[in-house]
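Asks: Before I ask anything, here is the structure I am working with.
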Amino acid sequence: AGSYFVSLRVMDNSQVYSAAVTKTVAVSKSLEPKPSGVFKVSGRDIIDPNGNKFVPIGVNSAHAWNHEQYSRDALANQISKSGANAVRIVTGGNAWGWQDQGRTAAKKKELLDMALAAKLVPVIEMHDGTCLNDYDKAVGDNSAGLKQIVDNWLEPEHIALLKDYQNRIILNIANEWG
């Protein structure tokens, strides 16, 4: 248990809504190997698959543009040393052309396994729609619309991946979209 300051900022059509809460909460450091539930939201709280309040504390692990070996080493060996219990795994989808280290379902699986072995809750995302407002934008120029990103997640290999890990990950469908 510890004291954490949680700040939430939501933007909607140029309106900014902010809330800040200071609470003492128990933070799950890791999950059992394959819990029976899924992550969900209850009111203002994230509930982990075991039914406990979960406050994600962590950093980004970029696998869309950083040097692959350094990114993988940080994910496997360094991030958990910071006291983190979660990690945002930045990957690309079909539109991403910078690097291939997290584009395919097989590569995403490797990254999820590394995070879970380090006792981190992976928050996995596709970076293709970052800072875009386009719902239906054809894949190109390292970007895609939300529809195309969802279609990418719905490809059979990604569906299989998400089903296999559904009790141990948080899916951020599209990073900073809208």
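Read-outs: derived from the displayed coordinates by stated rules, not from any lab. Because the structure is predicted, anything quoted here is derived from the model rather than measured. No Cβ is skipped: glycine too gets one built from the backbone with ideal geometry, and neighbour counts run over all protein chains shown.
Asks: Pop a pseudo-label 7 angstrom from the Cα along the beta-carbon direction at both Ser82 and Val150 and give the gap in nm to one decimal.
Replies: About 3.2 nm, to one decimal.
Asks: Here's a follow-up. So between Glu157 and Glu176, what do we pick up on full extension, going 0.36 nm a residue minus the alpha carbon distance?
Replies: 4.4 nm
Asks: Please work out how much length the chain gains when fully extended from Ser36 to Lys53, using 0.36 nm per residue of separation minus the C-alpha to C-alpha distance, in nm with one decimal. The partial results should precede the final answer.
Replies: On the way: separation 17, 0.36 × 17 = 6.12 nm, distance 1.56 nm.
Contour length minus Cα-Cα distance gives 4.6 nm.
Asks: For Ala117 paired with His67, estimate the spin-label separation in nm (one decimal), with each label point 7 Å from Cα along the Cα-to-Cβ line.
Replies: 2.1 nm
Asks: For the pairs Lys107/Lys137; Lys40/Lys109; Lys108/Lys147; Lys81/Lys163; Lys40/Lys137, note any where the Cα-Cα span goes beyond 27 Å. Mind showing how you got there, number by number?
Replies: Values: Lys107/Lys137 25 Å; Lys40/Lys109 22 Å; Lys108/Lys147 20 Å; Lys81/Lys163 29 Å; Lys40/Lys137 30 Å.
From the list (Lys107/Lys137; Lys40/Lys109; Lys108/Lys147; Lys81/Lys163; Lys40/Lys137), the Cα-Cα distance tops 27 Å for Lys81/Lys163; Lys40/Lys137.
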